[in-house]
Amino acid sequence: MRLIDAHEVLESIHSEMKSKNIPVEYFKGINYVIYLINTSHNIDAAQIIRCKDCKFNKTEYCMMTYYSNGNKNPKWNNSDDDYCSYGERE
């Protein structure tokens, strides 16, 4: 499954239809695609920020940081593809 920005797709379709000389017989198919996009179910999803793109990655503010045995030297318990709910893009 791949999530898309349906509004962007619809804007692209409308823009293409205005800028190109599209044969009339294509309009029925294009209108059906627009109908399918407009009537499809929404998915409850949120964008995530991966650790590699997070401004807190490997800093004292990173929620994926842990301190072992009271040691003041932080250790990061994350890889570049991990994420958490506190991530913010750089």
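The values are calculated or read from the model by the stated rules, or taken from the named source; none is laboratory data. What you are looking at is a predicted structure, and each value in this text was computed from that prediction instead of being measured. Cβ coordinates were reconstructed from backbone atoms using ideal geometry, including for glycine residues, and neighbour counts include every protein chain displayed.
At a glance:
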{"quantity": "Selection within the stretch 66-89 - part of a loop (DSSP other than H, G, I, E, B), among the charged types (D, E, K, R) and at pLDDT 85 or above", "calculated": "Asp80, Asp81, Asp82, Glu88"}
{"quantity": "Within the stretch 21-43, considering residues that are outside any helix (DSSP H, G or I) and either touching a helix residue (DSSP H, G or I) at 6+ places or on another chain (Cβ under 9 Å) or at pLDDT 80 or above (or both), the one nearest to Arg2 (Cα to Cα)", "calculated": "Ile43"}
{"quantity": "Qualifying residue in the stretch 44-65 (condition: part of a helix (DSSP H, G or I), surrounded by 10 or more Cβ atoms within 10 Å (Cβ to Cβ), at pLDDT 80 or above and not charged (D, E, K, R))", "calculated": "yes"}
